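Notes for the one structure printed next.
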Amino acid sequence: MGKINRIQAILRQVDLENHSSRNWELIHEAPQCGCYYCTQVFSSSEVNDFEENENGEKGAVCPYCGRKTLVTPDMIMEGVPFSAETMRGISEAICELEIRHTRLSDMFKKDKWAYDHWHDYVIEFWTERALKPISQYIELCVERKLIPVEEFSAEALKSIAGEIADIHLQQYAAEGTDNNFVPLMEAEIQRTILRKALKYQE
């Protein structure tokens, strides 16, 4: 399922930024609300703070994380449970949309919490992307017993790739430069794993 479709599969209202800047009354008209930043679901009566925009509109603030990232049950598509898991789904959907359509440096600059909040998901997303082109070769080598199964299992490869991706991501976030980060990271993951596999075949 594509990223836009994934968000639409969860939410009736997909313009979250516009909604969050003027949802004070809507939040308090609902019995419950949820936060797609900290993934908590709680009573709307717990929401006591708001931020006012330049037009005088009030955006409700989550009492647990202090973010304007609240949604109500009426925003969720029919059949989708109003739960912490759904809040995580919204967060991941937004993150993947940002990854696909925004330079990572821009994404991390957009909000200070973006790096910490989306770090693990970014690593997982790009790790899977980097491993896909070499997965058939690795599987074939394992099948022919050219490399040991335990060191080249799906879990082991994901761990190796994740460590490399994390190093690159930390450097990229610190430098904030647009230096073709993603292709470089993917290439480094592939080279490292292929070098490791070829050593066993010498």
Looking only at the range 25-36, decide whether some residue is touching a helix residue (DSSP H, G or I) at 6+ places or on another chain (Cβ under 6 Å), under 14 Å from residue 76 (Cα atoms) and at pLDDT below 80.
no
Suppose the filter is modelled with pLDDT of 75 or more, surrounded by 13 or more Cβ atoms within 10 Å (Cβ to Cβ), of a type in the set (Val, Ile, Thr) and assigned to a loop (DSSP other than H, G, I, E, B); does residue 164 pass it?
no
What residue, among those in the range 167-202 that are more than 14 Å from residue 132 (Cα to Cα), charged (D, E, K, R) and modelled with pLDDT under 85, is surrounded by the fewest Cβ atoms within 10 Å (Cβ to Cβ)?
202
Would you mind listing the helices (runs of 4 or more DSSP H) fully within the range 49-158 where at least 2 residues are outside the structural domain of residue 33 (by TED's automatic domain parsing), at pLDDT 75 or above and of a type in the set (Phe, Trp, Tyr)?
114-131
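The values are calculated or read from the model by the stated rules, or taken from the named source; none is laboratory data. Computed from a predicted structure; not experimentally measured. Counting neighbours? That spans all protein chains shown, and the Cβs are built from the backbone with ideal geometry, glycine included.
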